[in-house]
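Each remark here refers to the structure printed beneath this line.
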Amino acid sequence: MAEKPQIQLFVKASEDGESVGHCPFCQRLFMVLLLKGVPFTLTTVDVKRALDVLKDFAPGAQLPVLLYNGEPKTDTVTIEDFLEDKLGPPTFPSLVPRYRESSLAGNDIFHKFSTFIKNPVPAQDEALQRSLLRALLKLDEYLSAPLEYELAHDPHLRASQRRFLDGDQLTLADCNLLPKLNIIQVVCQHYCRFGIPKDLRGVWRYLNGASETKEFKYTCPNSEEVVQAYRSVVRSPQ
């Protein structure tokens, strides 16, 4: 039997310098490794004081950083592809979605959120908020529409009953989108007094289902950590 790889994931630390901080890309890879079920070491890096921890093997690199048998890997997508290649079936589960559409669902939401929340011009707020809500509605429609495998089981099914983007198992698509949706809900609720609308039932079924999984629940930063991360970029009320 082949030896298990030595894996260490370096992620951004919270304000306390120890627990997991606000970084959707770090959370994304944290989730991937948990879903793979491979032993690994998680190291939180205090970006204000201890970036020199990376200087010997990944100088100047942005977090997250992966060490795989002593070999450094940087760039979130590159690391994700690498892990999928190295940790594949039959020993480890494949996390690639069955449907290409699952990987594309919600891919414009975080950009629209960032544009809205960082907008310096009050007159543009309403239009940018509408744009964000339209993107969320589009995601809700995808999550609510039955996928091919569901229709094969029940041709008369009108609303999807799946838990996640691609089915009842978390995939790479979820590891990408869920951390971002969590940020959107926390930040918009705190600073703008509106969150993801409750009538987007597909999105809320998705978020509630994810919150029941250890892979999402245990990798989420504290909500206050997310709020603090956006304090400097949100426009002060007029």
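The values are calculated or read from the model by the stated rules, or taken from the named source; none is laboratory data. Because the structure is predicted, anything quoted here is derived from the model rather than measured. So basically every Cβ, Gly included, is an ideal-geometry build from the backbone, and we count neighbours across all protein chains shown. To get the accessible areas, we keep the full protein, side chains included, count just its heavy atoms, and leave off ligands, DNA and RNA. Shrake-Rupley method; radii C 1.70, N 1.55, O 1.52, S 1.80 Å.
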Quiz item: Which of the residues that make up the range 46-72 are under 19 Å from the mean Cα position of the chain (by Cα) and either more than 30 Å from Pro90 (Cβ to Cβ) or among the basic types (Lys, Arg) (or both)?
Solution: Gln62, Leu63
Quiz item: So which pairs qualify, if the first residue must be in the range 86-110 and touching a residue at least 24 places away in the same chain (Cβ under 8 Å) and open to solvent by 20 Å² or more (accessible area, probe 1.4 Å), the second must be among the charged types (D, E, K, R) and not in a loop (DSSP other than H, G, I, E, B), the Cβ gap must be under 6 Å, and the two must be at least 6 apart or on different chains?
Solution: Phe92/Lys36; Phe110/Lys180
Quiz item: Within the range 170-199, can you find the residues that are within 18 Å of Asp108 (Cα to Cα), open to solvent by less than 20 Å² (accessible area, probe 1.4 Å) and of a type outside the set (Gly, Ala, Ser)?
Solution: Asp174, Cys175, Leu177, Leu178, Pro179, Leu181, Ile183, Ile184, Val187, Cys188, Ile196
Quiz item: If only one of Gly167, Gly209, Gly202 is closer than 18 Å to Leu104 by Cβ and not in a loop (DSSP other than H, G, I, E, B), which one is it?
Solution: Gly202
Quiz item: Phe82: in a helix (DSSP H, G or I), in contact with a Lys or Arg (Cβ under 6 Å, 6 or more places away or on another chain) and closer than 24 Å to Met31 by Cα, yes or no?
Solution: yes
Self-check item: Complete set of residues in the range 200-214 that are open to solvent by 20 Å² or more (accessible area, probe 1.4 Å) and either polar (S, T, N, Q) or in contact with a Cys (Cβ under 8 Å, 6 or more places away or on another chain) (or both)
Solution: Asn208, Ser211
Quiz item: Applying the selection to the range 18-28, what residues are out of contact with any strand residue (DSSP E or B) (no Cβ under 6 Å at 6 or more places or on another chain) and open to solvent by less than 20 Å² (accessible area, probe 1.4 Å)?
Solution: Pro24, Gln27
